[in-house]
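The values are calculated or read from the model by the stated rules, or taken from the named source; none is laboratory data. Here the structure is a predicted model, which is why all the values come from computation and not from measurement. Every residue, glycine as well, gets a Cβ built from its backbone with ideal geometry; the counts of neighbours run over all protein chains shown.
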Amino acid sequence: MLHEVQQSELALVVWEQLENVSDPELDEPITDMGFVERVDVLNAEKVEVDFRLPTYWCSPNFAFLMAFGIKQEVAELSWVRDVTVTLKDHCFDDKVNAGVNGNRCFDEVFSQYCNGESLEAVKLKFLEKAFIRRQETILLAMQQIGYSAEEIVSMKLSEFDRIEFQGEEERKQKPRYRSLLISHGLAFLSKDPVFVTWSGNRIEPDNLRQHLSELRSVRINMEFNGALCRGLQSSRYKEVEIGPDGPTLVDFIHGRVPPRDAGSV
Amino acid sequence: MYRTKDGKEIFVLDGHTHFWDGSPENQANVHGKQFIDCFYAYHTNLSPETELWEKSKFEKYSADDVYRDLFVDGPDDMAIIQSTYLNDFYKNGFSSIERSSAMASRHPERFIVNGSFDPRDGEKALEYIHYMKENFDIQGVKMYTAEWNGDSKGWALNDPAAYKCFELCDKLGIRNIHVHKGPTIIPLNKDAFDVHDVDHAATDFQNLNWIIEHCGLPRLDDFCWIATQETNVYAGLAVALPFIHSRPRYFGEVISELLWWVGEDKLLFGSDYAIWTPAWIVDQFWNYQIPEDISAERSGVQLTDDIKEKILGLNAAQLYNIDVAAKLQQLNASPIQIAAE
C-alpha cells in the first residue's frame, strides 16, 4: 500500500515536471494540450511517458523536440534512473522512439531525421516565436491601457514589474515574457529597457506600429497552426453519430485515460 | 448561384473541390487510413455542428451527394474538381481524373476537372500530361509537392524535372497550376510549408497562372510577399475560409493581409468540398465584414460586395475563360434537379 502511494506521488511529480515541456509551435505546455497520455513510475526509479500529437502527420521536428524535452525534464528529477518516452500513432513514431531512447546524442538524431537541421538552431527559432507572441500580447495590452509609444519603448524593467494587468491572457504572459527576456540576456538590470527586439535592438517610438505589424504577421501564422492543432487534438479519434436529435460527437476511444487521472492510478 | 438578401444574384465558381474515395476498401495501408482520418478531423473541427457528416459518408460520397451539396443545397454555379492521387496510400488513387470525369460527365456544364502529375515520374509524367490533355482536355492541374513517392517525401516546383512538365503544360495550353501550399498533412524531408519555390516557378513561367491553395498558410507573410512580386500568382482561400465560423476575428486578420498584399483581383473562393460544404461558407462570407480595428491596421481594407463577387466567382472565371453572363444563361436554361439514381 505504502509502495503504491509512493508510486502515485512520484507520478504526480513527473506530471508537474512535464509542465516545463512546451509545444514549440504553440508555446503551450504539452500537459495543457493533453498530449501526454500516460505516466508510470516503476520501482521508484524508472519512468515511462507516452504521448500523442493531434495528427499522425504532425511535423517530425516538433515530435522530436517534444520527445527530447520530455526525456530531459524527467531526467532532471533526482530519483529518476531511467526514462522511456514513447510517441504513439505518428508517421515517424518508430524513428522518434528509437532516437530519444537510444544512446546517441539528440543533435545527431535530429539532424539525421530532420533534413540536416541543427537542433539548437530550431530551438532558438521557436524561442524567438514564443518571445514575439508574448511580447505582442503585452504591447497590445499596454496600448489599450493608454501608454504612449514613447512611454512603451522607454519603459524600464523595474517599471514593468510594477504594472498590474487586468486581462487573463496578459497576466499569464507577463511572467513568461519576463523570464524569456532575462534568460535570453535581453534585459538584466532594473534600468534596462523591457521592450526590445529579439536581436536586442531598441525600438524607436515612430517604429512601434511597424514593429507590432511584424509581430502580428508571425502570430497570424502561429495561430493558424495553433487553431488547427487544438481542434484536431480535440477531434482525433472522434466520430460523428447521427442520432434522432441530430449529430453529436462521440468519443469512442477505448481505454484512453485522462491525463490527470493517469497520474494517480 | 447565391442570392443576396436584397435579391442580387452572385455567380459562384467553387475553385477547390474533390470527388474522393478514402474508404477502407481503397486504402492501401495505414497512411491511407490516417490521411482520411485527418481530413475528417478538419471536417469535424471547423464545420458548424449542423453540417457534420458521418464518417462512412465522408470516406466515400456519391455523385448525387456532390450535385446536391454544391448546386442544389449549395450556391455553386460551377465547381473545379481537383485530382489527387496519393498512390502510395490508395489502391486506385484518392481522387482520380477518370473517376471525377465520369461523375462530372452527368453535368459537364457545371464542372471543370483538373488533372495532376508527379514530376518525379520523369518521362512517364510527360506522357501522362499528354494523356490527360487528349482524353480530358484539361485546363489545369493540382500539384501536391509533399506527396510521397517511393523513397522521396516531397519535391519542389523548381526541380528540373518539374520544369520539363511545366514547359509541356505551357505548350499544350494547360495554364492553371493549382499548388497545395497549406497545412502540412504530409510533412517530410522537404518543408511542406515552404512557398519559395513558387517564386522561381512563377517568374520562369509567366504564361501560367499559379494558384496557391490555402494561401500558403501557415506561411502567409512569405506567400504575400511573393504574390506581391509576381503578377501571375493567385491565392486560393480553401481552409482559410472555414475560420470565418470558428474564429471570425482571425479570419479578418488573414483576409486583411491578403487584400492588402495580394489584392482583390487575385483571391479565389474554394470550399474544399467534401471537407466543408459551400452553403454555409458562402452565406457567412457574404455577410462578413472585417472588424474595424483589424481593418484599420491595413489602411481600412474592407470586403465590399463588389470584392466579394470577384472572390466568389469572377476572378476564377477569368482564369478559366468563362463568359459569366453566357454561362448563367446556359445554367438557367436547364434547371437544377437531382439526377435519377
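Computed values, structure above
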quantity: Criterion: surrounded by 15 or more Cβ atoms within 10 Å (Cβ to Cβ) and either at pLDDT 85 or above or among the acidic types (Asp, Glu) (or both) - qualifying residue of A:Gly99, A:Gly146; calculated: A:Gly99
quantity: Hits in the stretch B:119-149 (condition: assigned to a loop (DSSP other than H, G, I, E, B) and without any contact (Cβ under 8 Å) to a residue 40 or more places away in the chain); calculated: B:Gly122, B:Asp137
quantity: Subset of the stretch B:236-279 [of a type outside the set (Ser, Thr, Tyr), under 19 Å from B:Tyr42 (Cβ atoms) and away from every other protein chain (no Cβ under 14 Å)]; calculated: B:Gly236, B:Phe269, B:Gly270, B:Pro278, B:Ala279
quantity: Qualifying residue in the stretch A:191-211 (condition: hydrophobic (A, V, I, L, M, F, W, C), exposed (fewer than 12 other Cβ atoms within 10 Å of the Cβ) and farther than 24 Å from B:Pro218 by Cβ); calculated: no
quantity: Of the criteria (1) free of Cβ contacts under 8 Å to residues at least 40 places away in the same chain; (2) surrounded by fewer than 17 Cβ atoms within 10 Å (Cβ to Cβ), which one A:Leu87 fails; calculated: (2)
quantity: Tabulated pairs, the stretch B:44-56, first without any contact (Cβ under 8 Å) to a residue 12 or more places away in the chain, second part of a loop (DSSP other than H, G, I, E, B), C-beta under 7 angstrom, 6+ apart or interchain; calculated: B:Thr44/B:Leu52
quantity: Residue, nearest to the other protein chains (Cβ to nearest Cβ), within the stretch A:30-64, restricted to residues that are farther than 16 Å from A:Gly226 by Cβ and in a helix (DSSP H, G or I); calculated: A:Pro60
quantity: Some residue of the stretch A:217-235 being within 14 Å of chain B (Cβ to nearest Cβ), touching a residue at least 12 places away in the same chain (Cβ under 8 Å) and among the basic types (Lys, Arg); calculated: yes
quantity: Odd one out for A:Asp107 among (1) of a type in the set (D, E, K, R); (2) surrounded by fewer than 16 Cβ atoms within 10 Å (Cβ to Cβ); (3) under 23 Å from A:Ser199 (Cβ atoms); calculated: (3)
quantity: Selection count where residues are surrounded by fewer than 15 Cβ atoms within 10 Å (Cβ to Cβ) and either within 18 Å of the chain's Cα centre (by Cα) or polar (S, T, N, Q) (or both), scope the stretch A:152-167; calculated: 2
quantity: Residue check, B:Thr44 modelled with pLDDT under 95 and not basic (Lys, Arg); calculated: yes
quantity: Helices (runs of 4 or more DSSP H) wholly inside the stretch B:232-296 that include at least 3 residues being modelled with pLDDT of 95 or more; calculated: B:248-261, B:278-286
quantity: Residue within the stretch A:60-80 that is at positive phi, without any contact (Cβ under 8 Å) to a residue 40 or more places away in the chain and either of a type in the set (Val, Ile, Thr) or surrounded by fewer than 18 Cβ atoms within 10 Å (Cβ to Cβ) (or both) present; calculated: no
quantity: Selection from the stretch A:96-128 of residues that are acidic (Asp, Glu) and over 17 Å from A:Pro24 (Cα atoms); calculated: A:Glu108
